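Shown next, in structure tokens, is the structure this report addresses.
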Amino acid sequence: GFLDKGGVQGVDPAAIDGDGMTPANSLSSAASRVAGRVHVASHKALMCYCRVVRKCPKALALLYLVGIFALVGGMWREFKLETDFGAFIKADGEAMRNQDAYEAALQVRQDSGGGR
């Protein structure tokens, strides 16, 4: 029968495609190809990192220190995000203070009923 021809017990012979693989086997084959590519890519990345360490270890150590200090400094104090949109619109300076004073005076004048 099917087992005598090298088949797998419980696998329908009709489920075997032209290359002699079941869908599960072809899936695991594809997964192993992807894993092989990932392994090669990670190996290349590791070799590149090793070359950088070998060429300029002081610069890399400085980069790591700056990163660590930035991380610790960023976490040291509470992070507060300003969400008041008016704070972004409002400019600071003498011209803005003069405009604010003018608008306040105009409002007082309109409230008191004065005008030309």
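Across Leu60, Leu106, Leu81, the residue with the most accessible area heads the list, and the full order at a 1.4 Å probe is Leu81, Leu106, Leu60. Of the whole protein surface, Arg37 contributes about 150 Å² of accessible area at a 1.4 Å probe radius.
Taking every protein chain into account, the 1.4 Å probe leaves Val52 with about 60 Å² of accessible area, to the nearest ten. Inter-label distance, Arg37 to Val108: 7.5 nm, where each label sits 7 Å from its Cα along the C-beta direction.
The values are calculated or read from the model by the stated rules, or taken from the named source; none is laboratory data. Given the structure is predicted, the values throughout are model-derived calculations rather than measurements. Counting neighbours? That spans all protein chains shown, and the Cβs are built from the backbone with ideal geometry, glycine included. Surface areas here come from the heavy atoms of the whole protein model, side chains and all, with no ligands, DNA or RNA. Shrake-Rupley method; radii C 1.70, N 1.55, O 1.52, S 1.80 Å.
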